[in-house]
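Inspection log for the structure reproduced underneath, given as structure tokens.
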Amino acid sequence: MSDERPRPQYGEYATPEEQRARIRQPDATFDLDAGKAPDAAPPAPAPTPAAGPVARNPRAMDRVATIALLAIGLIDVLRSMPGYVDPNALLAQVLGQFGIEGGLADAAGARAWGAAAAIVVVVGWFTTAAVSVWNLRAGRLSFWIPLVGGVVFMFIAGALILTPVFMDPALMQQIAGVTPLPTPSAT
């Protein structure tokens, strides 16, 4: 039988004394057998406070961005209300830019669709604000919530405001009959 053993790896063949010497831990078994408490380890140094409010709260910029996006969204909601209350005037302005005379045949129906769009936008803003605040309080990344909420609820409101346009066949014929803008020629 050979006296050669494989070289120890990871300390599996080391004696307890060799292991303690390697990890620099004193032997507490003698003190425990003698009834003495082992020496306490030195306390860990207290963490130094970071400078500035941003360093204390890593999500401070997220909070600022979220609140700023919610404020911009609120301004947009308030500025878009006249268009939702009277979609005929808004539509006449947009169609006038394209050189189309006229408006919707059913103005009262358009107002109902505009009111529905206004309700969607207002409820959407409050929902987005509530979810954003809830996420901020939970300490999660939240800047994306006003962005997604704005896109989703404005898309729904846009679909609602365009519904009476697509339901008016005379207006759709006028829109379809508009000649396209000239394209720049490649020289």
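The values are calculated or read from the model by the stated rules, or taken from the named source; none is laboratory data. The structure presented is a predicted model; accordingly, all values stated were derived computationally and were not measured. Neighbour counts run over all protein chains shown; Cβ positions are idealised from the backbone, glycine included. Side chains are part of the model used for accessible areas, which takes the heavy atoms of the whole protein and leaves out ligands, DNA and RNA. Shrake-Rupley method; radii C 1.70, N 1.55, O 1.52, S 1.80 Å.
Values computed for the structure shown
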item	result
Shape metrics for the range 55-101, restricted to C-alpha atoms - Rg then Dmax, Å	18.3, 60
At most 16 other Cβ within 10 Å, DSSP loop - trypsin sites (Lys or Arg not before Pro), the range 106-173	140
Equivalent ellipsoid, the range 93-133 (semi-axes from 5 times Cα gyration tensor eigenvalues, Å)	32, 14, 4
Length gained when the stretch residue 147-residue 15 is fully extended (0.36 nm per residue, less Cα-Cα span)	41.3 nm
Estimated translational D of the range 107-169 in µm²/s (Stokes, Kirkwood radius over Cα pairs; 10 °C; 1.306 mPa s)	124 µm²/s
Estimated distance in nm for a label pair at residue 60 and residue 74, the labels positioned 7 Å out from Cα along Cα-to-Cβ	2.3 nm
The range 86-187: chymotrypsin sites (Phe, Trp or Tyr not before Pro) falling in loop per DSSP and having at most 15 other Cβ within 10 Å	98
Inter-label distance, nm, simple model (7 Å from Cα along the C-beta direction), residue 134/residue 119	2.2 nm
Whole-number accessible area per residue in Å² for the range 69-187, which is evaluated in the context of all protein chains at 1.4 Å	64 Å²
